[in-house]
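> Before I ask anything, here is the structure I am working with.
The values are calculated or read from the model by the stated rules, or taken from the named source; none is laboratory data. Because the structure is predicted, anything quoted here is derived from the model rather than measured. With ideal geometry, Cβ positions are generated from the backbone for all residues, glycine too; neighbour counts draw on all protein chains shown. These area figures cover heavy atoms from the full protein model, side chains too; ligands, DNA and RNA do not enter into them. Shrake-Rupley method; radii C 1.70, N 1.55, O 1.52, S 1.80 Å.
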Amino acid sequence: MLFQIQSYLKFLWNSKNEHGVHSPFVFNLLTKCFYDKKAKPEYAILKKYRKSLLENKNFIEVTDFGAGSKVFKSNRRQIAKIAKTAGISSKRAELLFRVTNYFKPKNVLEIGTSLGLATSAIALGNKDSYLLSLEGCENTQSIAESLFNTQFPNHNFEFLNLEFGEFLKGSANICSWDLVYFDGNHSKKATLEYFELLLSSANNDSVWIFDDIHWSPEMEEAWKIIKNHPKVTVTIDTFQWGFVFFRYEQEKEHFIIRA
């Protein structure tokens, strides 16, 4: 906790808003997407999805996986508490919706479904996209899939219950991923492994979002390595998330932005 507080204070000291940005691409992204304060009808749908989970008092067996499908944690947890403590916040869900709506990606990959709070934001952001969401825990994935089948029956989505590395090593390049949301394993080793496995599937307009880049010293190290990769041209650090772009026409720039 102390590390995260120190990281956040450092972030605040170095961060800017749109007035300190000279890149037209990033400026437009901030003003037309990040800082868009207009109410959206989809926000009510996201709140309904969240409410359905927060009111669910049932308990399920939750299993987390380490590298190589090795189980390192399994316990019974209440669905409502998982949604409250482990799920994406309402503010972040709305931002994720706006980002997806802004870029309108054709193919979307989510690494870490959990109960589908972030998944629902992505799905609503572009109803014409194909969304593939991976989850290691069968029970949480089944809750998300059941809700999606009920609330988003016309969306083109697919849920897969398997260890992330197992899928990425065999099927990472089944298509060009226009948006990838990394929220499955907050370790340096796994984050960099997933990044490398997916690199060849990125295109010039791809946007990748890494969750919890300041979660730990090793996650900050992973973020630094990703920023410096020769294929990465633009990154945006919003403290909670790290945005990565591969636009060949852009000069290499790194931004620290309050969002």
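> Take residue 187 and tell me if it is modelled with pLDDT under 95, out of contact with any Pro (no Cβ under 6 Å at 6 or more places or on another chain) and surrounded by fewer than 21 Cβ atoms within 10 Å (Cβ to Cβ). Spell out the reasoning first.
Working: modelled with pLDDT under 95: yes; out of contact with any Pro (no Cβ under 6 Å at 6 or more places or on another chain): yes; surrounded by fewer than 21 Cβ atoms within 10 Å (Cβ to Cβ): yes.
It is true that residue 187 is modelled with pLDDT under 95, out of contact with any Pro (no Cβ under 6 Å at 6 or more places or on another chain) and surrounded by fewer than 21 Cβ atoms within 10 Å (Cβ to Cβ).
Table: residues versus (1) more than 22 Å from residue 108 (Cα to Cα); (2) open to solvent by less than 10 Å² (accessible area, probe 1.4 Å).
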| site | (1), (2) |
| --- | --- |
| 193 | no, no |
| 197 | no, no |
| 217 | yes, no |
| 220 | yes, no |
| 228 | yes, no |
| 234 | no, yes |
| 247 | no, no |
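> Which of the residues spanning region 158-217 are among the aliphatic types (A, V, I, L, M) and within 14 Å of the chain's Cα centre (by Cα)?
Filtering region 158-217 for residues among the aliphatic types (A, V, I, L, M) gives 160, 162, 168, 172, 174, 179-180, 190, 192, 197-199, 202, 207, 209, 213.
If the condition is that a residue be among the aliphatic types (A, V, I, L, M) and within 14 Å of the chain's Cα centre (by Cα), then 179, 180, 207, 209, 213 are the ones that fit.
> Another question, then. Among the helices (runs of 4 or more DSSP H) contained in region 1-66, which hold 2 or more residues that are at pLDDT 95 or above?
Numbers: elements: 2-14, 24-29, 41-54.
Answer list for region 1-66: 24-29, 41-54.
> Considering only region 1-58, state which residues are in contact (Cβ under 8 Å) with a residue 24 or more places away in the chain and among the β-branched types (Val, Ile, Thr).
21, 26, 45, listed by residue number.
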